[in-house]
Structure formats: C-alpha cells, structure tokens
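Worksheet for the structure shown next.
Please treat every number below as a calculation from the coordinates, not as lab data. As the structure is a prediction and not an experimental result, all values here were calculated from the model. As a convention, Cβ positions derive from the backbone with ideal geometry for all residues, glycine included, and neighbour counts pool all protein chains shown.
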Amino acid sequence: MAVQMNSSSDNAAVTMEQLCKWYGSFQVLHNVDLSVAVGERIVVCGPSGSGKSTLVRCINQLETHEKGRLIVNGVELYKGMRGLAELRRDVGMVFQQFNLFPHLTVLDNCTLALVRARKLPRDQAEEIAMENLKKVRIPEQAHKFPTQLSGGQQQRVAIARALCMKPKLMLFDEPTSALDPEMIKEVLDVMTELARDGMTMICVTHEMGFAREVADRIIFMDSGRIIEQAAPSKFFKNPEHPRAQQFLGQMLH
Amino acid sequence: MNFNFSFAIEIVPRVLEGIGNTVMIAIISFIGAAALGLFWELLRRSHATIRPVIQFVIDAIRSTPALVQIYFLFFVLPYYGLTLPALLVGSFGLSFYYSGYMSEVFKAGIDAVPAGQSEAAQSLGLSWADMIRFVILPQMLRNVAAPLGAYSISILKSTPLLAVISVPELLGSALDVASDTYRYAEPMFDVGVLFLAMSLVAVAGITQLERRLGLTAPSH
Amino acid sequence: MSFFAILRSIYEGFGITAAVATLGLFFAIPFAVIAGVLQHFATGPLRWIVTAIIEFWRSSSVIVLLYAFYYTLPAFGIFLSGITVGAMVLGFNIGGYGSQSVRAALQSLNKGQREAGLALGLSRFDVLRLIELPQAITAMFPTFINQAIQLIKGTTLVSLIALTDMTFRAKQISELGYNPVGIYSALALSYLILCYPVTIFGRKVERRFATRKAR
C-alpha cells in the first residue's frame, strides 16, 4: 500500500514504487514505496540489516533495484541505463567511511569532479571549493591531505566535496557511525545548517537527537520494509509498530 | 615460412633427453637455496653486530644477475684448483642466487609470527626447543609455504641458464639438436613449449599441494 | 690487464645493457598497466584471453623465450633486431609479473573509493584514471622497483644472442688472456654498482610504505 504523503509527484525529489532488491536469493528490499518532496528532510532508521543503507544507495544506483520503479529528480532510473553519471552529479552522497581520495589534497578532492565532470575551469572550481570548505568551517585545511585530518574533519570535507556539485538532493549513509563521540557534533552541526538552508536530505542515522530536531519525517525500516513513517514528534512519542517501539526503547536507553 | 612442424615434433624425444637433468638441477637448487637462505636469515638475526654485514651480502646477492654468478663460480673455482661437475657448480650458482630471496621469505615468515606466541608458549612452561618446534616453526612454515612454492617455480624456470656452461639439460639438449641439424627454430620452439607446459603443471601441482596441506596462507 | 682496465673494458658494453633495460621498460610498463586493468575488469572470453597472454609471458622461462623468439621468429618471416627481441622478451616477462601487481593493487583498493567517484558523477573511465589507478600505482611502487632490478639483471641474457652488453664484453675479454678472477669479479662488481643503489632505495621505499600502511 502506497503511503500518502504531502507531496505530489511534480515536486518530488525521489519517488519509489514497489521497489525490490535481492542479494542472490535474499531479498533486501520488499516493495518499498516512498516519495520525498523537494526540500524535505528525511531520516531513515532501523536495526542493522534492515535495508536502510541499500535503500539510500539505490537512489544514486550504487545498488541497482530489480523490480519496481525509481524516479530521482524527474528521471526514471533502471539497471544498465545510460547517462547515469550526469544524473549522479545532482545527487550528493556522504559515506560512513568518508571515502575521501587519499592521493589528492582536500582542495583537489573538492575540485576533481567540478573540473573533470562539470568541466569548469580550475580557478572557478577552486572558488566553489573554498566557498564550501568555508561552509563546513575548514577552509584552512584546504591544502592538507585527508590522512592529516581527524575523522570529523574528513567527514566535513566529504560533505563539502558533495556540496560543490550543487546537488539537488543529499544522501547521508550513517555519516557519524565511524566517528569518535567528540567529533559527531561538528558533523551534525554542519548537517543541521544544511537542513536550515533548505537542502533536500535523506539521512540514514542513529542520531535520534538530530532526527528529532531536523527531520520532517522519520522512516522506520525493518527486514527490507518501511514499517512506519511519521513526523518526529509523533514517532518518538508513540510509535505504532511494536518493532519500532522496541527499537526506540533500545536507542533511547 | 621456414618453420617445419613435423621436424619440430620429430626432434621432441631428443630434446626431452635433458629433462632428467632439468628436474635434478631444480631440486638441488631449491634445497640449496632454502637451506642457505635460512642460514643467512638466522645469521642476520643472531647478532646485532654482524647484521649489517649479512644484510650487505644478501643485498649484493640480489643485485647481481644469476648468469654472472654462475659464470663466476664456473670459471673462478677451477682457478683455485676446485674442479666440480658443471651440473653441480651451476646448481650451486642457482642456490646462491636464490638464497638471497629465500632469506627475505624466511625473514617475513618469522616476523609474521606474533610476539605473543612465544610469550604464551613461555608462560605455559614449554622448553625453548619445544616452543620452536611446536609453536613458532609450524606457524613460520605456514607463512613461508606460498612464497617458497613460487620460488621453486622461478628456480625451475632458471635451470636453462646452466646451458651456458654446457650442462645438458633441456635447453642444452635443444641447442645440441640445433647444432647437429643446423636448424634453430624448431628445437627452440620445442623447448619453449616444454618449459611453458612444465611451469604451468608445476603451478597447478603446487597450488594443489598447498590446498591439500591447508597452507594457503596469504603471501607477503 | 689491470682490474681497472677490465672494468673500463666491460663498461663499453654499458650502452647496450642500458638500451635493452630502458627499451624493456617501454614494453613492460604499458603491458603491465593494460593487461592488469583488463584482467581486473574483463569478464568471459576476453578475460580468458588476457589471462592466457599474461600467463604465457609470466610462466615461460625468460632465457628459453629469448632463444625461442630470436631463432623462431625469422622462420615465421618476422625479422627483428636483437635489441628489439631482447627488450620485448624481457619487458613482456617483467610486464607479466607487473600486471599481477597492478591487478592486486586495484583489487585491494577500498571499494568506497570507486563509489565516491561514481557518486560524484564521474564516468567509470574517469574513476579508473583519476582515482583508482593513481592509488594503485603508488601502492605498487616498491614492487615496481624490485621488478626494475629484475629487468636490469635480466639484460645479461642478451649476451647469449650476441649483443655486446657488459656480460658479452666480459666474455670477449676472457678470450684475450686467462684471468677469470679479475674478469668475473669486475663483471659482478659492474652489476653491483648498477643495481645495489636501486636495491637499497627499494628497501627504503618498502619500509616507508609498510609503516604508512600500519598507521
């Protein structure tokens, strides 16, 4: 059953209809229906192995779905399609393990795709890069290599790198899970700011404080299905599904 | 085209006359190289003072070509009155050359056994000999098995170097056929195919052996 | 002949040794990169073919290959100079080993690197060219140095197909008068001078890489 939300398909950033995916014979996504409006901030949560990472990774086709429809920024995506690279430029992604390019400086990490994919001249690309590094509050690290930075700084660079492409939509796949506790806040602060600026965001995260403060809607997944979705106020106060109650019970204690 | 396939097949038995020597050289050289390599490595570990000396010897062995080392032994030993069969001199040359590499294999193999292993063995009250025999050595052998296997194949592929000092191994007998018949293309083609086949069979055999012994530890 | 005179005389062969080694690199490096990348990506029959070509060059005995190509190619109507045959055989042999280092380095890269590149909207080829290969090639640098030493040492074999490299010069000198100790010590020393610094450099680089990886 498709869940009705306050978004028509005209201003949807992402639309999923009956999306299914298997790893071999194991089904990771079961008939997922989801619509994300432009400007909407979604937090996806659920126990590990629930398919939340896979769901997000389908949106820029790092994982391909086998059944159902997936429309991102107005274009339907399918396995083996052409022009995927161009579409990905409009979808920013932040990974759990940062995945900065260790052989490039912070600045070059940010300019690489601008120069090679967007074909901008170098000086213009650097200008954009510096702007975004300022936004994540580490312009002074621009000429260092990623390994010289702390985890929190690396993740902020990764966010800046994604923002440089001026994406219409940002995906976060557990962006703070690999960080030491004292670094989590600096990354969440940047993400919160981004949300205030009106960025469309889909975040897989266990940071319930962030979810409560920033999300328009919480999506709760279990065993490859979306089993509950609600505004944070409702979700945290009285979740309907027993699995969600159990999950929240574990998370909040 | 001037290549005669039926001639190439006809001379195979004559070329194959050298195969016994090839196998013998490979076995002698492998054992010699492993023994000498282990010797270098134990010597290198024995004393801090001789460590740099042994290190230089190992690096020097690795920095000169096998062919030059074989020539050296073959021509210099008789000068000092030591005349040995060419097959033995050549095998010793290969042993010497590969001992440099073997020493590095043993070094890595020993280094890879965690220090905690000997500490645990000692805290259990094992004697030094028992610790080496039952704890360190089995783990070291597991570490060195794969690279030693790889070097055994390198050694096999280096045995034709001994043809230059007139040892009648495979390449040597092929060269004999060539000088008898004044045709070089076919014997050289034969020996090329033979060595490729031998090396592929050896690779398959060693992979099987390692699998059977459960020794497929990752090489370093 | 004094030891120094022998050394100088051997040195006359240095040009050929250097030429074969340098030309050999021109065969080895492109072969290693192309074959390694193809083996990493190809599937089905193409992968089978690439693997067969790599295995041919890697699994054969170099000295036998050298004889075989030098004597057999003309019989098939292909006439190449000794230097070309020598450089090609030595280069492709080392390149065959190198291809395995390239492939291993590509395989050991974290797949997050590829995903991050793709997520930024780079083409698959750009991801390979700008992100994966630079890191793979840096990672295999110590191996590359070791293989370069193997190539230099391998050039001695061209003396067997009558190229006047350093080893061939030593053989020529040995015909002038009986002095095996002087001549072969000088020959060994010549290669030692050439390769020892590279060996030491390689060891240093290897150690640096090992500590960097451990960090």
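Summary of computed values
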{"item": "Chymotrypsin sites (Phe, Trp or Tyr not before Pro) restricted to DSSP loop in the range B:1-98 with at most 12 other C-beta within 10 Å", "result": "B:80"}
{"item": "Computed magnitude of the charge dipole of chain B (debye, nearest 20; Cβ of K, R +1, Cβ of D, E -1)", "result": "540"}
{"item": "Residue B:43-residue B:19 FRET efficiency (beta carbon distance; Förster radius 51 Å; 0.05 resolution)", "result": "0.90"}
{"item": "Cα Rg over Rh - the range B:55-171, Kirkwood", "result": "1.14"}
{"item": "For the range B:84-120 versus the range C:4-18, the gap between their alpha-carbon centres in whole angstrom", "result": "32"}
{"item": "For the range C:166-206, alpha-carbon Rg and Dmax in angstrom", "result": "13.7, 44"}
{"item": "log10 of Debye I(q)/I(0), alpha-carbon scatterers only, for the range A:24-87 at 0.19, 0.27 Å⁻¹", "result": "-0.83, -1.46"}
{"item": "Residue A:228 long-range amide H proximity, modeled H, under 5 Å", "result": "A:220"}
{"item": "Cα point-scatterer Debye curve for the range C:85-150, base-10 log of I(q)/I(0) at q = 0.12, 0.18, 0.20 Å⁻¹", "result": "-0.38, -0.69, -0.78"}
{"item": "Set of the range A:101-120 residues, backbone N closer than 13 Å to the point 7 Å along the Cα-Cβ line of residue A:166", "result": "A:114, A:118-120"}
{"item": "Max mean-square fluctuation residue, GNM over chain C, Cα-Cα springs under 10 Å, options C:134, C:45, C:197", "result": "C:45"}
{"item": "Estimated distance in nm for a label pair at residue C:84 and residue B:204, the labels positioned 7 Å out from Cα along Cα-to-Cβ", "result": "3.6"}
{"item": "Over the range B:112-220 - Rg/Rh using Cα atoms and the Kirkwood inverse-distance radius", "result": "1.26"}
{"item": "Environment charge of residue C:94, counting only residues whose C-beta is closer than 14 Å and scoring Lys/Arg +1, Asp/Glu -1", "result": "+3"}
{"item": "Value of D in µm² per second that Stokes-Einstein yields for the range A:100-166, Kirkwood Rh from Cα pairs, at 4 °C (1.567 mPa s)", "result": "115"}
{"item": "Residues with amide H under 5 Å from that of residue A:203, placed H, sequence gap 5 or more", "result": "A:42, A:43, A:44, A:172"}
{"item": "Neighbour-limited loop hits for GluC sites (Glu not before Pro), the range B:1-80 (at most 11 other Cβ within 10 Å; DSSP other than H, G, I, E, B)", "result": "none"}
{"item": "Whether the range C:29-102 is rounded, prolate or oblate, judged on the alpha carbon gyration tensor where a/c under 1.5 counts as rounded", "result": "prolate"}
{"item": "Under 5 Å, built H, 5+ apart or other chain: amide partners of residue A:37", "result": "A:13"}
{"item": "Translational diffusion of the protein assembly as shown, µm² s⁻¹ [Kirkwood Rh, Cα pairs; Stokes-Einstein; 4 °C; 1.567 mPa s]", "result": "44"}
{"item": "Under the Karplus curve 6.51 cos²θ - 1.76 cosθ + 1.60, θ = phi - 60°, whole-Hz ³J(HN,Hα) for the range C:96-110, x wherever Gly or Pro sits", "result": "x, 5, x, 4, 6, 5, 4, 4, 4, 5, 5, 5, 7, 5, 4"}
{"item": "Cβ-Cβ FRET estimate between residue B:134 and residue B:53, R0 fixed at 41 Å, reported to 0.05", "result": "0.80"}
{"item": "Computed over chain C, Kirkwood Rh from alpha-carbon pairs, angstrom", "result": "19.3"}
{"item": "The range A:5-130: Rg to Rh, with Rh as the Kirkwood radius over Cα pairs", "result": "1.01"}
{"item": "Contour excess over end-to-end distance, with Cα ends at residue B:7 and residue B:193 and 0.36 nm allotted per residue", "result": "65.5 nm"}
{"item": "Degrees between helix A:106-116 axis and first principal axis of chain A (Cα, 0 to 90, nearest 10)", "result": "80"}
{"item": "From phi via Karplus (6.51, -1.76, 1.60), per-residue ³J(HN,Hα) for the range A:56-65 in Hz, x at Gly/Pro", "result": "5, 6, 5, 4, 10, 6, 5, 10, 9, 8"}
{"item": "Cleavage-rule hits (chymotrypsin sites (Phe, Trp or Tyr not before Pro)) in the range C:117-182: DSSP loop, at most 12 neighbouring Cβ within 10 angstrom", "result": "C:178"}
{"item": "Calculated diffusion of chain A, Stokes-Einstein form, Kirkwood radius summed over Cα pairs, 4 °C and 1.567 mPa s, µm²/s", "result": "69"}
{"item": "Equivalent ellipsoid semi-axes, chain B, via Cα gyration tensor eigenvalues times 5, rooted, Å", "result": "39, 22, 12"}
{"item": "Net lengthening on full extension, residue B:117/residue B:213 (0.36 nm per residue, minus Cα-Cα)", "result": "32.4 nm"}
{"item": "Fully extended contour minus Cα-Cα distance, from residue A:250 to residue A:86, at 0.36 nm per residue", "result": "54.9 nm"}
{"item": "For the range C:25-40, 3J(HN,Hα) per residue [Karplus equation, 6.51 cos²θ - 1.76 cosθ + 1.60, θ = phi - 60°, Hz, x = Gly/Pro]", "result": "4, 5, 7, 5, 5, x, 4, 4, 5, 5, 5, x, 5, 4, 5, 5"}
{"item": "The range A:45-68 versus the range C:96-122: alpha-carbon centroid distance in Å", "result": "23"}
{"item": "Projected label distance in nm at residue A:79 and residue A:189, using a 7 Å step from Cα toward the beta-carbon", "result": "4.5"}
